[in-house]
Amino acid sequence: MKIWIEKQKYLIDYTLASLARRKVKNAGLLVVYSVLVFVLASVMLFTHALRHEARTVLEGAPEVVLQRMVAGRHDLIPPGYLERLGRIRGVQSQEGRLWGYYYDSVVKANYTFMAPNTEAEAIAPGNIVVGPAMARVRGLAAGDVLTLRAYTGKLTRFTVARILPQDSELVSADLVLMSSDDFRSFFDMPAGHFTDIALRVANPQEVRNVAAKLAAQFPDSRPILREEILRTYESIFNWREGIVLLLSSLAVLAFVIFAWDKASGLAADEKREIGILKAIGWETGDVIRMKFWEAALISVFAFLIGYLAAYVHVFHLASALFAPVLKGWAVLYPRFKLSPVIDGLQVATLFFFTVFPYAAATLVPIWRAAITDPDAVMR
Amino acid sequence: MSGALPAMKTVNTAVRETAPMIELKDIHKAFNQGQHNEFRALKGIDLELPEKQVTVLCGPSGSGKTSLLSIIGCLSRPTSGRVRLRGRDISGLPERFLTDIRRRTFGFVFQQFNLIKGMSALENVMLPAYPLGGDWRQLRDAAERLLAELKLGHRSAARVEWLSGGEQQRVAIARALINAPDVIIADEPTANLDTALSLEFMGILEKLVDDGKTVLLTSHDPLVVGSSLVQRVVEMRDGRIVPHVYVETA
Ligand SMILES: Nc1ncnc2c1ncn2[C@@H]1O[C@H](COP(=O)(O)OP(=O)(O)OP(=O)(O)O)[C@@H](O)[C@H]1O
Ligand SMILES: [Mg+2]
């Protein structure tokens, strides 16, 4: 055992020296390799964190949302609907919600306006609470006054009460919260009307029943289920991720070809070195193990560098390089502070798909060179 | 070719001071066997190499000297025939065992020296011992000592490509000795050296003989072939040993 360890130490020693001897080549390889891991890992970390984020947000969302439709388009909920809902079995609670979009021509971005319902979040008339991204874009701080042009054409002044925390910027970035009365007058909405109705259903099994009853009782409305939204989100993420992964797999392919080329065109001096080592008493296994350490050191280093860089990129630099491709739905690019989420399986997958092809691509030709008789070095 | 042997002495195969270290029986070697370019480099070699003696293989270019040296040193296998090492048949052994035998029994000094560029002389000398996994400090000391004995102590940290031809050869010799083998095999050891360096090599050879090493050389060089250190000269031609020019110098 001790001899075995000593031997591995010698082999690694030799490997390090050998890596240092071919500095330029190995550095180039390391760079290409790290960049590949970086791109793949960035995509994986980003989509994973995004999905995690969306799921976290939707967890707090109502099970069913009722929207009224007029001629196939979303319309306001008139007074009286809320009361009629209370009689449906399975519905735990219901609330009318007020929300909508507002286009700010100054910064050419869309905001989401909302009037929170709960007492705890109630906002005094004339005040607003704004999301962090919007605060950044408009340069707002608590106490500032913001003038917006209402739907009636009237300029309306709001006082910024506070800025929302960054926790879940994906959803809250472009948010503007205000009181219900302010909301209605800003958008010129008649009193008692709501944008939609959120229903809480305690028993997940009941959700479909409730939806069926809603459809029967309110023929002019459409129930939207949370599970359906979740599915939609998933498919959007999967689709985007799919595009990026397709591109990445092309990158992997290119890398494999590159590695194969590099290795199968095993440089003459490398072949000679293998021959010399064998001739002076190294076993085929020793040579292969040494080369294995070489491949392993390069791959593991590249993997670590690439993965760490991707981590920094996604979680500290807000995926600056390809967020526009992956997000796309927000005009006002939220400067993400995604909460770091790492999925072990994903790391393992990435490791397997980068390290394994490289190792195979380098070791096969080395194995072929190593099993030949060493007498070639005699001439 | 026999005319080129200046110090030919009486043939005396009957007297054996020592038992044979290596015994070859009917060795054949064919390259590219079964293909249209098949080439039979050795055609039935019978040879015994006594222990602690210096044997030189000579003969024209292409006569099969290097091929025979490779087979004796377990660098390659004969196509047919038997190789015995201290009475033990090693021709059929699997690679692992053969490598182990080679490592412990033979030290090679190649014609091109075959040092690994970019590494220091010291590291090159230590290389054959790496797979043995011994203590690093002891190994380094042994390598330093060998280099010092070969008057290269001051160059041990130098990268081998910076060394002169003679120095490189001495590094190669030190490397051949690091695992303390009984047999030293050198292919054309003086081919790349001028007269002064060749004489230096003969000096080293003398030391090896004094240390009780069995030495096997190939050479065209009269300086080597005619040296008084050489007990036996075996002449080869066309893959065979030329009979009766099988010389032993007293
Ligand atoms: N791997 C090989 N494939 C094909 N032919 C080979 C191979 N190795 C050697 N030969 C041939 O075998 C013959 C003997 O070669 P070898 O190297 O043993 O000769 P040599 O006596 O050492 O010659 P020299 O004095 O020039 O070194 C040569 O004709 C050579 O071309
Ligand atoms: Mg030769």
Please work out which residue is nearest to ligand 2 (Cβ to nearest atom), limiting yourself to region B:151-178 and to residues that are buried (at least 21 other Cβ atoms within 10 Å of the Cβ) and not in a helix (DSSP H, G or I). B:ILE178
Can you tell me how many residues in region B:92-114 are crowded, with 18+ Cβ neighbours inside 10 Å and within 16 Å of ligand 2 (Cβ to nearest atom)? 6
Of (1) in contact (Cβ under 8 Å) with a residue 24 or more places away in the chain; (2) in contact with a Leu (Cβ under 7 Å, 6 or more places away or on another chain), B:LEU193 fails just (2)
Restricting to region A:342-379, and then to whatever is β-branched (Val, Ile, Thr) and in a helix (DSSP H, G or I), can you tell me which residue is nearest to A:ALA251 (Cα to Cα)? A:THR354
Qualifying position, being aliphatic (A, V, I, L, M), away from ligand 1 (no atom under 16 Å from the Cβ), in a helix (DSSP H, G or I) and free of Cβ contacts under 8 Å to residues at least 40 places away in the same chain, among B:LEU127, B:LEU122: B:LEU122
Go through (1) under 21 Å from the mean Cα position of the chain (by Cα); (2) at pLDDT 90 or above; (3) at the interface with chain A (Cβ under 8 Å from one of its Cβ atoms) and name the single condition B:MET126 misses. (3)
Residue that is out of contact with any Pro (no Cβ under 8 Å at 6 or more places or on another chain) and not assigned by TED's automatic domain parsing to the domain that holds A:LEU317, where the choices are A:GLY86, A:GLY28: A:GLY86
Could you list, in sequence order, all residues of region B:86-126 that are touching a strand residue (DSSP E or B) at 6+ places or on another chain (Cβ under 7 Å) and among the aromatic types (Phe, Trp, Tyr)? B:PHE106, B:PHE108, B:PHE110
Keeping to region B:78-111, report how many residues are under 30 Å from B:SER164 (Cα atoms) and either within 7 Å of chain A (Cβ to nearest Cβ) or without any contact (Cβ under 8 Å) to a residue 24 or more places away in the chain (or both). 4
Residue list for region A:278-332, restricted to those being at pLDDT below 85 and of a type in the set (Phe, Trp, Tyr): A:PHE292, A:TRP293, A:PHE315, A:PHE322, A:TRP329
Any hit, region B:188-206, residues being among the hydroxyl-bearing types (Ser, Thr, Tyr), crowded, with 20+ Cβ neighbours inside 10 Å and part of a loop (DSSP other than H, G, I, E, B): yes
Please go through region B:27-77 and give me each residue that is within 11 Å of chain A (Cβ to nearest Cβ), in contact (Cβ under 8 Å) with a residue 24 or more places away in the chain and away from ligand 2 (no atom under 16 Å from the Cβ), ordered by number. B:CYS74
Among A:GLY275, A:GLY265, the single one that is at pLDDT 85 or above and more than 34 Å from the chain's Cα centre (by Cα) is A:GLY275
Tabulated pairs, region B:170-188, first within 16 Å of ligand 1 (Cβ to nearest atom), second among the aromatic types (Phe, Trp, Tyr), C-beta under 7 angstrom, 6+ apart or interchain: B:ILE185/B:PHE106; B:ILE185/B:PHE108; B:ASP187/B:PHE110
Given the options B:VAL233, B:VAL224, name the one that is within 15 Å of ligand 1 (Cβ to nearest atom) and in a helix (DSSP H, G or I). B:VAL224
Result of the Cβ filter at 8 Å on region A:11-38, keeping first residues that are more than 10 Å from chain B (Cβ to nearest Cβ) and partners that are of a type in the set (Ser, Thr, Tyr) and part of a helix (DSSP H, G or I), at least 6 apart or interchain, is A:TYR33/A:SER299; A:TYR33/A:THR354; A:TYR33/A:TYR358; A:LEU36/A:THR354; A:VAL37/A:TYR307; A:VAL37/A:THR354; A:PHE38/A:TYR307
For region A:364-379, which positions are more than 12 Å from ligand 1 (Cβ to nearest atom) and hydrophobic (A, V, I, L, M, F, W, C)? A:VAL364, A:ILE366, A:TRP367, A:ALA369, A:ALA370, A:ILE371
Breaking point among (1) farther than 25 Å from B:MET202 by Cβ; (2) modelled with pLDDT under 90; (3) more than 8 Å from chain A (Cβ to nearest Cβ), for B:ARG137: (2)
Looking at A:LEU66 and the list (1) modelled with pLDDT under 85; (2) within 30 Å of A:TYR101 (Cα to Cα); (3) touching a helix residue (DSSP H, G or I) at 6+ places or on another chain (Cβ under 7 Å); (4) aliphatic (A, V, I, L, M), which single condition is not satisfied? (1)
Here are A:PRO374, A:PRO340: which of them is of a type outside the set (Gly, Ala, Ser) and more than 16 Å from ligand 2 (Cβ to nearest atom)? A:PRO340
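Matching residues to (1) closer than 21 Å to B:ASP238 by Cβ; (2) hydrophobic (A, V, I, L, M, F, W, C); (3) surrounded by fewer than 17 Cβ atoms within 10 Å (Cβ to Cβ):
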{"site": "B:ASN37", "(1), (2), (3)": "yes, no, yes"}
{"site": "B:LYS65", "(1), (2), (3)": "yes, no, no"}
{"site": "B:ILE71", "(1), (2), (3)": "yes, yes, no"}
{"site": "B:ILE90", "(1), (2), (3)": "no, yes, no"}
{"site": "B:ILE116", "(1), (2), (3)": "no, yes, no"}
{"site": "B:SER120", "(1), (2), (3)": "no, no, no"}
{"site": "B:VAL125", "(1), (2), (3)": "no, yes, no"}
{"site": "B:ARG137", "(1), (2), (3)": "no, no, yes"}
{"site": "B:ALA143", "(1), (2), (3)": "no, yes, no"}
Answer residue from region B:74-109, given it is of a type in the set (Phe, Trp, Tyr) and modelled with pLDDT of 90 or more and is farthest from B:ALA41 (Cα to Cα) among those: B:PHE106
Those residues of region B:52-84 which are among the charged types (D, E, K, R) and in contact with a Lys or Arg (Cβ under 9 Å, 6 or more places away or on another chain) amount to B:LYS52, B:ARG77, B:ARG82, B:ARG84
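The values are calculated or read from the model by the stated rules, or taken from the named source; none is laboratory data. All of these numbers come straight from a predicted model, not from anything done at the bench. Note that we place each Cβ from the backbone using ideal geometry, even for glycine, and neighbour counts take in every protein chain shown.
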